[in-house]
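Engineer: This structure is in structure tokens; I'll ask about it shortly.
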Amino acid sequence: MSLARAFADRVHARAPGKINVSLDVGPRKDDGYHDLVSVFLAVSLYEDVVVSHSDGFSARITGDIDVAGVPVDETNLAVRAARLVVEEAGWNGGVHLDIHKRVPVAGGMGGGSADAAAALVAVDDLLHAGLGAPRLHRLAARLGADVPFALHGGAAVGVGRGDELTPALTGGRFDWALVSHPQGLSTPAVYREFDRLREGDDAAACGSTAAGDTAVLQALRAGDPRALAAAVFNGLQPAALSLRPDLGAVLVDGVERGALAGIVSGSGPTLAFLAGGESDARALAASLVTAGHDARHVHGPVHGAHIVSRAG
Ligand code: C5P
């Protein structure tokens, strides 16, 4: 163990947002969750969390995006993550978290889950708890369905609630233009709308494609954006579009501006447009900005939650 590590009293960790490149949603279960099969891709839009020793638990939230409405109390997922690690480590004190957000809030990209994953690894490091990946993964799964993937990163197939992960091979990087929206969507509300559509006349619109996941995995392995564009699928998309019909026109606009495919990311409303390569994605994002959208270029896969630096 290095001297710097032994005396660090501030630890900075980072975790990525995600896109579900495929998302097959099954029926609602008694616990309120839906069984799903999803292929996750971690992308280069990061949440930064700096943790330091404190008497109690507190958080300060800043961001490149609008962070109004993100709770700073004990309901904040990263604060809950910090508390879990402290309890697991048998530590007496508390932790202060400085959270810097870039992933759209309530955007369907797992930003809150990334905060929690970064907090898990940062507090584990700050306390020298040495919990190790399996225990951190178990804590992550207790916090939320998307937290294990934010810890894991890269590309992975998630089953169950989405938290039982198997790594997926990728043969290259995939470049995207993301369009975010000032007004978020509540994930539980989108799942409720999914249930309503499935029970009603629109059942066919919510059909799942188990074969689609195979095609997505093959395209990822081949590093082939055109094959991936033909296979991307989001079973929650009809529900998100039902709640936010305005997104439909933006999806069409993105494809007209050169995207290979456009999908709602997770429960939305962020839209993910796949491009043929880095320069195409940059040009697409610039074109979407010209059209008045809040767009940026990202790429994936990228690493999951990791330590950036230690200080003090
Ligand atoms: O686990 P997390 O708190 O992120 O989930 C938020 C909500 O999304 C759940 O309360 C549930 O309504 C919905 N959800 C679901 N099935 C999943 C994952 C999430 O119904 N597999």
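Engineer: If you take the beta carbon distance between THR166 and ALA89 as r and set R0 to 22 Å, what does 1/(1 + (r/R0)^6) give as a FRET efficiency, to the nearest 0.05?
Structural biologist: Calculated value: 0.20.
Engineer: Continuing with this model, one more query. With all protein chains present, how much of the accessible area of the chain (probe radius 1.4 Å) comes from carbon and sulfur, to the nearest whole percent?
Structural biologist: Its accessible area is 52 percent carbon and sulfur atoms.
Engineer: Measuring from label point to label point, each 7 Å out along Cα→Cβ, what is the ARG60 to GLU256 span in nm?
Structural biologist: Between ARG60 and GLU256, the simple spin-label model gives 4.6 nm.
Engineer: Something else about it: I need the calculated FRET efficiency for the pair ARG226 and ALA291, taking r as the beta carbon distance and R₀ as 25 Å, to the nearest 0.05. Intermediate results must be reported in sequence, preceding the final value.
Structural biologist: Working: r = 24 Å, r/R0 = 0.95.
E between ARG226 and ALA291, to the nearest 0.05, is 0.55.
Engineer: Quantify how much of the Cα-Cα distance distribution of the chain extends past 27 Å, in percent.
Structural biologist: So the pairs more than 27 Å apart make up 41 percent of the total in the chain.
Engineer: Which residue, VAL308, LEU120, HIS34, has the largest displacement toward the positive end of the dipole of the chain when charges sit on each Cβ (Lys, Arg +1; Asp, Glu -1)?
Structural biologist: VAL308
Engineer: I've got another one for you. So how far, in whole Å, is the C-alpha centre of the stretch 235-274 from the one of the stretch 138-154?
Structural biologist: 25 Å
Engineer: Any idea of ASP224's accessible area? Nearest 10 Å², probe 1.4 Å.
Structural biologist: ASP224 has an accessible surface of roughly 60 Å² with all protein chains in place.
Engineer: Right, here's the next one. So what is the 222 nm mean residue ellipticity for the chain from helices alone, if each DSSP H run of at least 4 adds -39500 (n - 2.57) and you divide by all residues, rounding to the nearest 500 deg cm²/dmol?
Structural biologist: The helix-only estimate for the chain comes to -11000 deg cm²/dmol at 222 nm.
Engineer: Please report the accessible area of TYR191 (heavy atoms, 1.4 Å probe, ligands and nucleic acids excluded) in Å², nearest 10.
Structural biologist: Spelled out: TYR191, probe radius 1.4 Å, area about 40 Å².
Engineer: Okay, moving on. Does anyone have the angle between helix 77-89 and the longest principal axis of the chain? Alpha-carbon axes, 0 to 90°, nearest 10?
Structural biologist: 40 degrees
Engineer: Turning to a different aspect of this structure: Let me know the shape class of the stretch 231-305, please: from the alpha-carbon gyration tensor, a ≥ b ≥ c as square roots of the eigenvalues, rounded when a/c is under 1.5, otherwise prolate if a/b is greater than b/c, or oblate.
Structural biologist: Values: a/c = 1.77, a/b = 1.17, b/c = 1.50.
Oblate shape, in that a/c is at least 1.5 and b/c is the bigger or equal ratio.
Engineer: In debye, nearest 20: dipole of the stretch 213-312 around its Cα centre with unit charges on the Cβ of K, R (+) and D, E (-)? Let's see the in-between values first.
Structural biologist: On the way: 7 positive and 8 negative charges, 57 e Å.
Around 280 debye, computed over the stretch 213-312.
Engineer: What accessible area, in Å² to the nearest ten, does a 1.4 Å probe give for GLU74?
Structural biologist: We get 80 Å² for GLU74.
Engineer: From the square roots a ≥ b ≥ c of the eigenvalues of the alpha-carbon gyration tensor of the stretch 174-300, which class results: rounded (a/c under 1.5), prolate (a/b over b/c), or oblate?
Structural biologist: It comes out oblate by the Cα gyration axes.
Engineer: Given charges of +1 on the Cβ of Lys and Arg and -1 on the Cβ of Asp and Glu, with all other atoms neutral, how large is the dipole of the chain about its Cα centre, in debye to the nearest 20?
Structural biologist: The dipole of the chain has a size of about 540 debye.
Engineer: Could you state the angle between the C-alpha long axis of helix 278-290 and the longest principal axis of the C-alpha atoms of the chain, as a value from 0 to 90 degrees rounded to the nearest 10?
Structural biologist: Between helix and principal axis, roughly 80 degrees.
Engineer: Efficiency by 1/(1 + (r/R0)^6): what FRET value for THR214 and SER309, r their Cβ-Cβ distance, R0 = 41 Å, to the nearest 0.05?
Structural biologist: Computed FRET efficiency for THR214 and SER309 comes out at 0.50.
Engineer: Further question on the same structure: Using only Cα atoms, tell me the angle between helix 187-199 and the longest principal axis of the chain; keep it within 0 to 90° and round to the nearest 10.
Structural biologist: Helix 187-199 sits at roughly 30 degrees to that axis.
The values are calculated or read from the model by the stated rules, or taken from the named source; none is laboratory data. Predicted model, so just to flag it, every value in this text is computed and none were measured. Note that we place each Cβ from the backbone using ideal geometry, even for glycine, and neighbour counts take in every protein chain shown. We work out accessible area using only protein heavy atoms, side chains counted, and drop any ligands, DNA or RNA first. Shrake-Rupley method; radii C 1.70, N 1.55, O 1.52, S 1.80 Å.
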